[in-house]
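A.B. asks: Following this message is one structure expressed as structure tokens.
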Amino acid sequence: MIQDKTLSSRIMDVVVLFFMVLATLLCFLPLWYTLCLSLSEKSAATAGLVSLWPVGFNFTSYKTIMGDTKFLNSFWISIQRVVLGSALNFVVIVLTAYPLSKSAKDFGPRNILMWILVFTMLFNGGLIPWYQTVRSLGLINNIWALVLGNSVPVFSVILVINFFRNLPKELEEAALVDGAGPWYLLMKIYIPLSVPVLATVTLFSIVYHWNEFFNGLVLMSKSDRYPLQTYIQQMVVNLNMGLMTEDQYKKMNVLSNQTLNAAKIFIAMIPVLLVYPFLQRYFITGITLGSVKE
């Protein structure tokens, strides 16, 4: 009987390992194909000959990108947006979630504010009123228009609220007996104990600000103010519509649309790929503990 259980356990381990390896390959292969395509020559990419290895290996696409001032400028704008946006999100999420994690007895307006937050998840004022508001504030072509628009991510706030509410009440009571105030409780107890969920919502903020392109398209009327993803989106649209300058047409004689786009897309993925491994170990803990309230 024991041997049968051991055998079935080993079989299940093999099955689970197989599917994990398969899932890993399914996630990795698109990245690898994009890299191979970016390192291939124009004719091979155009003919669809690139599969799992570069054909006509070269760095022409990457050399072209390094000389593309618009691409480098948009890359720098996206970095600024991620740093400013993630920092602002972190501060707003913590300062919003902390009082709302209290009961209505301890914080009177809690229920009203929670309904307001949930309402904003379900409804919005519409695209035109949103644009008019941003323009009236003088934020068009300003990086703060990209940062302030998502300064209160409600889903992340709710995750942190639930995480805070699951922390042991005895810790707070003991600190209050010792004379601790709200700021001390937040900085010395809540934040240090909430690293998993705070790392998770920070990862959400980083990915959102790095990948979002629509706000840049609507709020930036000058192409030199585009964040990276907006630049890439417009690059693809312009190439498909034939809206290229004479210099860009000359570059296309050497480079394939596919190889150049693949190189830019791969470079755009690098920052998130570098950040994710450091925050991934907190991801599951932060989601599970912050998603359900006991």
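No lab work stands behind these numbers, since they all come straight from the coordinates. Small disclaimer: the values here were computed from a predicted structure and weren't measured. Here Cβ is always computed from backbone atoms with ideal geometry, including for glycine, and neighbour counts include all displayed protein chains.
A.B. asks: Under a Cβ-Cβ cut-off of 15 Å, what is the net charge of the residues other than Arg135 that fall near it, where Lys and Arg count +1 and Asp and Glu count -1?
C.D. replies: +2
A.B. asks: Stretched out fully, how many nm does the piece from Asp13 to Phe123 gain, at 0.36 nm a residue minus the Cα gap?
C.D. replies: Values: separation 110, 0.36 × 110 = 39.60 nm, distance 4.60 nm.
Taking 0.36 nm per residue and subtracting the Cα distance, the gain is 35.0 nm.
A.B. asks: Which residues in segment 93-116 place their backbone N less than 15 Å from a point set 7 Å from the Cα of Leu176 along the Cα-to-Cβ direction?
C.D. replies: Within reach of a label on Leu176: 99-108.
A.B. asks: Within segment 119-148, whose backbone N sits under 18 Å from a point 7 Å along Cα→Cβ of Gln233?
C.D. replies: Within reach of a label on Gln233, which here means backbone N under 18 Å from a point 7 Å along Cα→Cβ, segment 119-148 contributes 126-132, 134-135, 140-148.
A.B. asks: Largest first, please: the extent of the C-alpha atoms of segment 29-102 along each principal axis, to the nearest Å.
C.D. replies: Extents along the principal axes: 62, 30, 14 Å.
A.B. asks: Of the chymotrypsin sites (Phe, Trp or Tyr not before Pro) in segment 52-102, which ones lie in a loop per DSSP and count no more than 11 other C-beta atoms within 10 Å?
C.D. replies: Phe57
A.B. asks: Also: Roughly how many nanometres apart are two label points built 7 Å out from the Cα toward the Cβ at Val272 and Lys188?
C.D. replies: Taking the simple label geometry, Val272 and Lys188 are separated by 4.0 nm.
A.B. asks: Sticking with this structure for a sec: Given labels modelled 7 Å from the Cα in the Cβ direction, how far is it in nm from Val195 to Val218?
C.D. replies: The modelled label-to-label distance comes out at 3.9 nm.
A.B. asks: OK, next. Apply the Karplus parameterisation 6.51 cos²θ - 1.76 cosθ + 1.60, with θ equal to phi minus 60°, to every residue of segment 159-165 and state each ³J(HN,Hα) to the nearest whole Hz, in sequence, with x for glycine and proline.
C.D. replies: Residue by residue, segment 159-165 yields 4, 5, 4, 5, 5, 4, 6 Hz.
A.B. asks: While we're here: For segment 54-145, what is the convex hull (Cα atoms) projected area averaged across all directions, in square nanometres?
C.D. replies: In nm², the orientation-averaged hull projection of segment 54-145 is 10.5.
A.B. asks: Let me ask something additional. Can you check what the net charge comes to around Leu219, using other residues whose Cβ is under 10 Å from the Cβ of Leu219 (Lys, Arg +1; Asp, Glu -1)?
C.D. replies: Taking every other residue near Leu219 into account, the sum is +2.
A.B. asks: Right, next: Please give the contour-minus-distance gain from Val83 to Tyr131: 0.36 nm per residue of separation, less the Cα-Cα distance, rounded to one decimal in nm.
C.D. replies: Net length gain for the segment: 14.9 nm.
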